[in-house]
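The values are calculated or read from the model by the stated rules, or taken from the named source; none is laboratory data. These numbers were taken from a predicted model, which means no experiment stands behind them. Neighbour counts are summed over all protein chains in view; Cβ atoms, including those assigned to glycine, are modelled from backbone coordinates with ideal geometry.
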Amino acid sequence: MELLELLASCIEQGRTSIAPTLSDGMEHERLERLRQLGAMTQARAQAIICPRCQARSVRVITAGSAFCAECGQVALAVKDMQRLSPDGDWLRRRIAQALDLAGESAWVAVPGRVWRIGDIGRAGARHRVLFGQQLADVMVQRALLAVWPTHVGEISTIMITTTSIDRVFLPGVRVRLVPLAAAFRVRGGGLVADEAVWAGAQAVPATTNQARYGPFALDFRDVLLAGESEPIPLTHSQAALLRVLWEQAGASIRGSLLVRMAGLELEKPVDAFPLNKYPEANRAYRTLVRSDRRGGYWLPRKSLDDSA
């Protein structure tokens, strides 16, 4: 699990008291890295599992002592009381900085659940950016829809969320849901915006007058599916794979050769389109690319040319 996936998981589970000593080695390292970044803050445990009998939950009395009904008063080591809590303020500040919105303060839309980070894009192609957490609750979704006209408006909106997007239902509003781990990457002491996700937010919607290779931009950095009005942004690796397929003019190519011609190191072409990070690009890949059981891949060029 990546750093931002772990942070999102902690936020979604409401884990405001995480014991690093109870995590496995890999998770412990990632929790420590998040603590160093400031994404997790140290806190003292209010209740712990008794370190002596390891059977009962006991309440901490003082900094080094607790009382167990089975064992009586027990001494606590510093590590027994160490806990980590996700710092939502840190996360929202770093999101704003990554999007060059650091001068704006996050507005609360739904207390403790949804914040407006700011607006990005050019005049005439603006997008409102929200951050939402623990959105699977139907009551939270209803509350957000109720305040949408006043707190969000009719502008096209991107919602960065720690909630699995298939559990969020917001009918009747223009919103694109993006998982936190897909929208950003950890770099240095903060976050950087994922190129593919946010380049699409800056892009001008495609028109029929724009020169394209079938559904693809001339540089293959976006794809416009039939019947849709906004192109789906692609990463450099995704664009390279689809460019090679397009240049085969509908002929099948072995997956290993396709990956090599694209200049990549992948086991399978679909590995460049992970669903959890690039759900829209993954959808485009599965819509356009065909494969057989013999390891061949191709784009049905005639149907794509006809739909362009």
### Message
I'd like the full set of residues that are assigned to a loop (DSSP other than H, G, I, E, B) and loosely packed, with under 14 Cβ neighbours inside 10 Å, limited to the stretch 269-296.
### Response
274, 276, 292, 293, 294
### Query
Can you tell me which of 201, 196 is small (Gly, Ala, Ser), at pLDDT below 80, touching a His at 6+ places or on another chain (Cβ under 8 Å) and within 30 Å of residue 3 (Cβ to Cβ)?
201
### Task
Within the stretch 127-157, count every residue that is β-branched (Val, Ile, Thr) and closer than 22 Å to residue 87 by Cα.
2
### Message
Criterion first (modelled with pLDDT under 75, touching a Lys or Arg at 6+ places or on another chain (Cβ under 8 Å) and among the acidic types (Asp, Glu)) does residue 70 satisfy it?
### Response
yes
### Task
Determine which single condition residue 93 fails, assuming it passes every other condition in (1) more than 15 Å from the chain's Cα centre (by Cα); (2) part of a strand (DSSP E or B); (3) among the basic types (Lys, Arg).
(2)
### Task
Kindly indicate the residue of the stretch 148-170 that is among the aliphatic types (A, V, I, L, M) and farther than 20 Å from residue 88 by Cβ and also modelled with the highest pLDDT among those meeting that condition.
170
### Query
on the phi > 0 side of the Ramachandran plot and small (Gly, Ala, Ser): does that describe residue 132?
no
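Table: residues versus (1) modelled with pLDDT of 80 or more; (2) part of a loop (DSSP other than H, G, I, E, B); (3) in contact with a His (Cβ under 7 Å, 6 or more places away or on another chain); (4) small (Gly, Ala, Ser).
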{"residue": "8", "(1), (2), (3), (4)": "yes, no, no, yes"}
{"residue": "34", "(1), (2), (3), (4)": "yes, no, no, no"}
{"residue": "51", "(1), (2), (3), (4)": "no, yes, no, no"}
{"residue": "83", "(1), (2), (3), (4)": "no, no, no, no"}
### Query
Among the numbered criteria (1) buried (at least 18 other Cβ atoms within 10 Å of the Cβ); (2) within 15 Å of residue 213 (Cβ to Cβ); (3) touching a residue at least 40 places away in the same chain (Cβ under 8 Å), which single criterion is violated by residue 235?
(2)
### Task
List the strands (runs of 3 or more DSSP E) that sit entirely inside the stretch 103-195 and contain at least 2 residues that are outside the structural domain of residue 283 (by TED's automatic domain parsing), free of Cβ contacts under 8 Å to residues at least 60 places away in the same chain and of a type outside the set (S, T, N, Q).
107-110, 114-122, 125-132, 157-161, 175-179
### Query
Restricted to the stretch 204-232, and to residues that are of a type in the set (A, V, I, L, M, F, W, C) and surrounded by 14 or more Cβ atoms within 10 Å (Cβ to Cβ), which residue is modelled with the lowest pLDDT?
206
